[in-house]
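The values are calculated or read from the model by the stated rules, or taken from the named source; none is laboratory data. What you see is a predicted model, and the numbers here were worked out from it, not measured in a lab. No Cβ is skipped: glycine too gets one built from the backbone with ideal geometry, and neighbour counts run over all protein chains shown.
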Amino acid sequence: MLHGNSEFKQDYDWDYLIQPERVHRCVYTDARIFQEEMIRIFGGTWVYLAHESEIPNLNDFKTSNLGHRPIIILRDRQDKIRALFNRCTHRGSTVCRETRGCAKTFTCPYHGWTYSNTGKLTGVPWAKGYAADFHRPEFNLGQIPWVESYRGFIFGTLNSEAPDLITYLGRAKDLLDQWIDRFPNAQITVQSSAHKMIYQGNWKFTYDNAADGYHVAFSHRSLLAVANRLETEKDMQYFAHNPDEGPMYVQYLGHGHMFIDQRPSYEKRAGAFWQQQRPQPGREAYEAKIREKWGDRADYWLDLSIGSQMNLTIFPNLLVVGNQIEVIEPLAVDRTQLTIYATTIAEVPDEVNVLRMRTQEDFPSFGIPDDMINFAECQRGLSIPEIEWVAMNRGFGISDRHHIDEDDVITGPVTDELAIRGYHQEWKRLMKADFKLTAQAVEHD
Ligand code: FES
Ligand SMILES: [Fe+2]
């Protein structure tokens, strides 16, 4: 058991701090709450670790973190996907200091203990220096006990009471299917050369914002102005005028997952998605090539080249947006790294993948900085102790704005804060819950 700090839980009145339509500022500013989140939220529920396409071959690995626990996600020599704790069982050093690579073994740089990529301790320099009762299997690396993949997306948890991954994903699974199956049964490759950005604010600002259709017309004004220079209505303009009267919607999916659907703002005809995109320098040559090569089929490929117009957010750290995936990595209570990974599809023409890359440069470069400045300024604003509450009450108390279906998915107009309220309740549940977190030693032979 990694954590038994019941005192911490008693010190905080969670029902007071997380109310149905507002949360206390300390949820974003209190360093002790942050430390506890790194254990309970990033450990007590399924957390996205990596995509299988990042470790396609035997012995491939990538290093990352589960909360603040350093881990190595790998495909071992027997083709099993594991998440080992990057923590030598001798005196605690990390055993792997590369971001990614291919290795059958890891030798700790401190005193040279060597582990197989199954986690087994295989070598100790000058072994005669250890007494006869030195029992190697006890010194195998620890690992995340529950690691499961869904269509290439690898998740892990330390909580024995967590539901299975499919149950956990729930309705988010169906939306992930829709995202992957824009090209039916697509083999998605997550590109390793990611775009990393750090902002001076709490990680939950990114999570809140992922289902916030209210801010777009204001925060991303310059981006909309670019589109405005063209005379027709372009991408995201639909957020600017009375978005609640349009067909877009926001959903709280349960288990902390959220969704904004922009797709209904597009006409249902081939080519509509492509034609509604903002201008992107240099893409005309690719469009011409695709039209020449594919004729009637060109509109289909062009629609696939641009973003999905889906914003699916899987608690606590994965955003599936446009064509890219974004991973939230909390660094400190007021510091967060956001990593944006482009994706390509194995089966489509090269020109389509080039255009997808182009599209993926667009919003991360011109939109996310707008968001990040707001996150940093929220952190600054919340530093005022005397003003305590963060409001997320848009739509709250107006029951005819919302619809709840048979799976308890709540749907409302796109500017509602219903999904933000929903996931904070899941956050509270995890912060209050009694569960055991387990770091499992790699099995003995
Ligand atoms: S800390 Fe790893 S071998 Fe000593
Ligand atoms: Fe935004």
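Just a few scattered comments:
- Residues of the range 97-132 satisfying the condition of being at pLDDT 95 or above, part of a loop (DSSP other than H, G, I, E, B) and hydrophobic (A, V, I, L, M, F, W, C): Ala103, Cys108, Trp113, Val124, Trp126
Table: residues versus (1) buried (at least 19 other Cβ atoms within 10 Å of the Cβ); (2) of a type outside the set (Gly, Ala, Ser); (3) not assigned by TED's automatic domain parsing to the domain that holds Leu418.
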{"position": "Ser193", "(1), (2), (3)": "no, no, no"}
{"position": "Tyr199", "(1), (2), (3)": "yes, yes, no"}
{"position": "Ala210", "(1), (2), (3)": "yes, no, no"}
{"position": "Met236", "(1), (2), (3)": "yes, yes, no"}
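- The range 90-121: number of residues that are more than 13 Å from ligand 1 (Cβ to nearest atom) and farther than 13 Å from Arg75 by Cα: 3
- Scanning the range 147-179 for residues that are part of a strand (DSSP E or B) and of a type in the set (Phe, Trp, Tyr) yields a count of 3.
- Single residue of Tyr252, Tyr286 found to be among the aromatic types (Phe, Trp, Tyr), surrounded by 17 or more Cβ atoms within 10 Å (Cβ to Cβ) and not in a helix (DSSP H, G or I): Tyr252
- Any chance Tyr214 is touching a Pro at 6+ places or on another chain (Cβ under 9 Å), within 16 Å of ligand 2 (Cβ to nearest atom) and part of a helix (DSSP H, G or I): no
- Residue that is modelled with the lowest pLDDT, among those in the range 217-234 that are of a type in the set (D, E, K, R) and away from ligand 2 (no atom under 13 Å from the Cβ): Glu231
- Extreme residue, nearest to ligand 1 (Cβ to nearest atom), among residues of the range 199-212 that are of a type in the set (A, V, I, L, M, F, W, C) and touching a Ser or Thr at 6+ places or on another chain (Cβ under 7 Å): Trp203
- Candidates Lys173, Lys204, Lys196: the one that is touching a residue at least 12 places away in the same chain (Cβ under 8 Å) and within 16 Å of ligand 2 (Cβ to nearest atom) is Lys204.
- When residues of the range 71-92 are limited to those that are of a type outside the set (D, E, K, R) and surrounded by fewer than 15 Cβ atoms within 10 Å (Cβ to Cβ), the one farthest from ligand 2 (Cβ to nearest atom): Gln78
- Of residues in the range 322-370 being within 13 Å of the chain's Cα centre (by Cα) and of a type in the set (Ser, Thr, Tyr), the one farthest from Ile33 (Cα to Cα): Tyr341
- Residues considered: Gly246, Gly256. Of these, the only one that is under 22 Å from Ala172 (Cβ atoms) and of a type outside the set (A, V, I, L, M, F, W, C) is Gly256.
- Screening the range 254-290 for residues that are in contact with a strand residue (DSSP E or B) (Cβ under 6 Å, 6 or more places away or on another chain) and of a type outside the set (Val, Ile, Thr) and picking the one that is nearest to Thr359 (Cα to Cα) gives Asp261.
- For the range 416-442, filtered to residues that are in contact (Cβ under 8 Å) with a residue 60 or more places away in the chain and acidic (Asp, Glu), the residue that is farthest from Phe34 (Cα to Cα) is Asp416.
- Long-range neighbours under 6 Å by Cβ, at least six apart or interchain, first residue under 22 Å from Phe155 (Cα atoms) within the range 77-94, second of a type in the set (Gly, Ala, Ser): Ala83/Gly156; Leu84/Gly119; Phe85/Gly142
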